[in-house]
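Engineer: The structure under discussion is supplied below as structure tokens; questions concerning it will follow.
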Amino acid sequence: MIRLKHVVLGAVGLPIVILLGAWVGFFNVGASSGHWKVTAWFLQLAMRSAVRTYALAVDAPKTLDSRGLPAAAGHFARGCAICHGEPGEPRSPAVMRMLPQPPDLALTVGDWTDAQLFRIVKHGIRFTGMPAWPARDRDDEVWAMVAFLRELPKLDANGFRDLALGGSQPTAPAALADCTRCHGGDGGGRGDLVPALAGQKEAYLLASLQAYARGDRTSGFMALPVTGVDPADLAALARHFAAQPSVSADSDQVPAEVIGRGQQIAEDGIPERNVPACSGCHIGSDKNPLYPRLDGQHAAYLERQLKLFRSESRGGTRFWRIMATAAQRLTDDDIRAVSAFFSKRSAGPQ
Ligand code: HEC
Ligand code: HEC
Ligand code: HEC
């Protein structure tokens, strides 16, 4: 029998248990594993219902004024695209891991009425990262944004740029500035784990950029810069870095016998373990344009890549498996020696 006593105990006890759970740290606030299905469902229900209810009080105009479109588009490029993406520039992988994920608005605006969009854009959505409109009593601006959101699904990359930036195309120089932050103005690679790009084969650079963009080669550092760039600009960036004069990367002292062992592996391979000679693919200018040059590359970077190949954590062009097989037959000492050898080889023209 359920008595009043039990109800009272439950009413008092449940909040205490929840509070205790929170205090002990039972609830996982990490965003890595997603919500439980029921939590996700509940949060969406609460959000959608609240928007629907509060939007009843919004007095929507019969037709949306299109004069604010350029400003709204310009604001969208600076203030919204960072989370929601924009035509021609999909959402970044970092944003895709937000919880909840900011939707691609071109696909979702059709789900909402004008009044509901107004409500969302003006007030934001609590606990999600979706901000309120920065100026409180500028409903005119919010309506301009709603008008823009209605246009958004019809815009391609050029149409969006025309509207938001008056037709200027700032991505190429802006993207290059982004690359040189890490790869250096001379393309030499800042720090031993950032590869030198200067003088690398153009086809290999482009194929690698495309591999990062597709996710076939994974790197958090490279995923962000490539996803922001127009595919056409990737080719220009590859051409730019390939045309720069090579720079010799490292000056560390390495014992001569280590370099000698590296040279032996590079030129003869390790026949008893079926390791092919690296020179067959990596030395000489007549080789497949997708086989990268290794001369003058940072030794630490080469070592890191060989270990990634060995554990099959490094994809890349369609030829990456060749390297995974070769690297699986190398010991740590082999890797160190052959990397030191290539990094010391003259990085001059081949
Ligand atoms: C910091 C990231 C962030 C920024 C900046 C941001 N949003 Fe959002 N937005 C979100 C998230 C996250 C959601 C999803 C909320 C949810 O599902 O509960 C969202 C949801 C929305 C929705 C509802 C769409 C749907 O179908 O659920 C609209 C409309 C919207 N945002 C418009 C905008 C506009 C316009 C701007 C710029 C003024 C903007 N957002 C800026 C993160 C952001
Ligand atoms: C935040 C630092 C950072 C930025 C910004 C950056 N890179 Fe990188 N880049 C790296 C690192 C680190 C690696 C090695 C990643 C790996 O392990 O695969 C790399 C690898 C590369 C490679 C592969 C080279 C090879 O030898 O395989 C290319 C090509 C490249 N970057 C080009 C670019 C271009 C073009 C840009 C600008 C659009 C850019 N990077 C921006 C850090 C950066
Ligand atoms: C049959 C041709 C072939 C042989 C032999 C070969 N490689 Fe490669 N190597 C490749 C290809 C192709 C890639 C580019 C893989 C990709 O990114 O898709 C590569 C990439 C590399 C990279 C990464 C370079 C960078 O800029 O990220 C290193 C390091 C490397 N090889 C070292 C070696 C060593 C050391 C040997 C000898 C033990 C060797 N390779 C033998 C074809 C070969």
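Engineer: Grab the Cα-Cα distance for K307 and H35, subtract it from 0.36 nm times how many residues apart they are, and report the gain in nm with one decimal.
Structural biologist: Numbers: separation 272, 0.36 × 272 = 97.92 nm, distance 3.48 nm.
Gain on stretching K307 to H35: 94.4 nm.
Engineer: To make sure I understand the rule: partners must be lysines, Cα under 22 Å from the Cα of K344, and not fewer than 8 residues away in the same chain. Which ones qualify?
Structural biologist: K201, K287, K307
Engineer: If you take the beta carbon distance between Y54 and D186 as r and set R0 to 56 Å, what does 1/(1 + (r/R0)^6) give as a FRET efficiency, to the nearest 0.05? Spell out each step's value before the answer.
Structural biologist: On the way: r = 56 Å, r/R0 = 0.99.
For R0 = 56 Å, the calculated efficiency reads 0.50.
Engineer: Here's another thing I want to ask about it. At a threshold of 8 angstrom on Cα-Cα distance, excluding pairs fewer than six apart, so keeping six or more, what relative contact order does the chain reach in percent? Please list the in-between numbers first.
Structural biologist: Values: 427 pairs, mean separation 51.9, N = 350.
Averaging sequence separation for qualifying contacts and normalising by length gives 15 percent for the chain.
Engineer: Hey, if you drop one equal point scatterer on each alpha-carbon of the stretch 259-350 and run the Debye formula without solvent, what base-10 log of I(q)/I(0) do you get at q = 0.13, 0.16, 0.22 Å⁻¹?
Structural biologist: Debye output, listed in q order: -0.38, -0.59, -1.20.
Engineer: Once both labels are modelled 7 Å past Cα along the beta-carbon direction, what's the D286-A174 spacing in nm?
Structural biologist: Rounded to a tenth, the inter-label distance reads 4.6 nm.
Engineer: Please list log₁₀ I(q)/I(0) at q = 0.11, 0.16, 0.19 Å⁻¹ for the stretch 171-243, using the Debye equation with identical point scatterers on the alpha-carbon positions.
Structural biologist: Taking Cα atoms of the stretch 171-243 as identical point scatterers yields -0.22, -0.48, -0.70.
Engineer: Can you find, among A174, W133, T39, the residue sitting farthest towards the positive end of the charge dipole of the chain, where Lys and Arg contribute +1 and Asp and Glu -1 at Cβ?
Structural biologist: Final value for the positive-end residue is T39.
Engineer: Any idea of S311's accessible area? Nearest 10 Å², probe 1.4 Å.
Structural biologist: My reading of the accessible area for S311 is about 70 Å².
Engineer: Using the Kirkwood radius built from alpha carbon pairs, what does the Stokes-Einstein equation give as D for the chain at 20 °C and 1.002 mPa s, in µm² per second? Let's see the in-between values first.
Structural biologist: Working: Rh = 24.6 Å.
Answer from the Stokes-Einstein relation: 87 µm²/s.
Engineer: Also, quick follow-up: Testing the spin-label approximation: label points 7 Å from Cα along Cα→Cβ at E267 and L20. State their distance in nm.
Structural biologist: Roughly 7.5 nm, to one decimal.
Engineer: Sticking with this one: How large is ³J(HN,Hα), in whole Hz, for each residue of the stretch 231-243 in order, when computed from phi with the Karplus curve 6.51 cos²θ - 1.76 cosθ + 1.60 and θ = phi - 60°, using x for Gly and Pro?
Structural biologist: x, 5, 6, 4, 4, 5, 5, 4, 4, 4, 6, 5, 7
Engineer: Moving to a separate point now. Could you list which residues have their amide H under 5 Å from that of V275, counting only those 5 or more apart in sequence or on another chain, with H placed in the peptide plane?
Structural biologist: Correct list: I270.
Engineer: From the backbone phi of the stretch 39-51, what are the Karplus-calculated ³J(HN,Hα) couplings (6.51 cos²θ - 1.76 cosθ + 1.60, θ = phi - 60°) in whole Hz, Gly and Pro given as x?
Structural biologist: 5, 4, 4, 5, 5, 4, 4, 5, 5, 5, 5, 4, 4
Engineer: Just want the answer: with Cβ charges of +1 for Lys and Arg and -1 for Asp and Glu, which residue in T53, L290, M222 is farthest toward the dipole's positive end in the chain?
Structural biologist: T53
Engineer: Another one. Positive end of the dipole of the chain, charges at C-beta (+1 Lys, Arg; -1 Asp, Glu), about the Cα centre: which of S279, L237, L99 has its Cα farthest in that direction?
Structural biologist: After comparing all options, I get L99.
Engineer: Taking the 0 to 90 degree range and rounding to the nearest ten, how far is the long axis of helix 114-123 tilted relative to the main principal axis of the chain, both from C-alpha atoms?
Structural biologist: Helix 114-123 sits at roughly 70 degrees to that axis.
Engineer: Percent relative contact order of the stretch 256-344, based on C-alpha pairs within less than 8 angstrom and at least six residues apart?
Structural biologist: Numbers: 103 pairs, mean separation 37.3, N = 89.
Relative contact order for the stretch 256-344 comes out at 42 percent.
Engineer: Taking a cut-off of 16 Å between Cα atoms, list the aspartates and glutamates near K122, but don't count ones fewer than 8 places away on the same chain.
Structural biologist: Leaving aside aspartates and glutamates fewer than 8 places away in the same chain, those within reach of K122 are D59, D114, D137, D139, D140, E141.
Engineer: Charges only on Cβ, +1 for Lys and Arg, -1 for Asp and Glu: so what's the dipole of the stretch 31-78 about the Cα centre, in debye to the nearest 20?
Structural biologist: Details: 6 positive and 2 negative charges, 22 e Å.
In total the dipole reaches around 100 debye.
Engineer: Rounded to the nearest Å, what's the spacing between the alpha carbon centres of the stretch 169-232 and the stretch 256-296? Just the number, please.
Structural biologist: Centre-to-centre distance over Cα atoms comes out at 25 Å.
Engineer: Going by amide H atoms built from the backbone, whose H comes under 5 Å of the H on I125, apart from near neighbours?
Structural biologist: For I125, whose amide H was placed from the backbone, the distant partners under 5 Å are M130.
Engineer: Compute the long axis of helix 256-268 from its Cα atoms, compare it with the longest principal axis of the Cα atoms of the chain, and write down the angle in degrees, 0 to 90, nearest 10.
Structural biologist: Relative to the chain, helix 256-268 is tipped by roughly 90 degrees.
Engineer: Hey, can you find the accessible area per residue of the chain for me, probe 1.4 Å, expressed in square angstrom? Write down the numbers at each step before the final one.
Structural biologist: On the way: 20740 Å² over 350 residues.
Accessible surface, normalised per residue, equals 59 Å².
Engineer: Extension gain D111-T218, at 0.36 nm per residue separation less the Cα-Cα distance, in nm? Each step should come with its number before you reach the end.
Structural biologist: On the way: separation 107, 0.36 × 107 = 38.52 nm, distance 3.43 nm.
Contour length minus Cα-Cα distance gives 35.1 nm.
Engineer: What dipole magnitude, in Debye to the nearest 20, does the chain give about its Cα centre under +1 on Lys/Arg Cβ and -1 on Asp/Glu Cβ?
Structural biologist: Numbers: 38 positive and 34 negative charges, 250 e Å.
Roughly 1200 debye, rounded to the nearest 20.
Engineer: Please compute the contact order of the stretch 240-293 in relative form: average sequence separation of alpha-carbon pairs under 8 Å and at least six residues apart, divided by the residue count, as a percent.
Structural biologist: Worked out over the stretch 240-293, it gives 18 percent.
Engineer: If one takes the longest principal axis of the Cα atoms in the chain, at what angle in degrees, from 0 to 90 and to the nearest 10, does the Cα axis of helix 139-151 lie?
Structural biologist: For helix 139-151, the angle is close to 60 degrees.
The values are calculated or read from the model by the stated rules, or taken from the named source; none is laboratory data. Here the structure is a predicted model, which means the values were calculated and not measured. Backbone-built Cβ (ideal geometry, glycine too); neighbour counts: all protein chains shown. Just the protein is used for accessible areas: all its heavy atoms, side chains included, with ligands, DNA and RNA removed. Shrake-Rupley method; radii C 1.70, N 1.55, O 1.52, S 1.80 Å.
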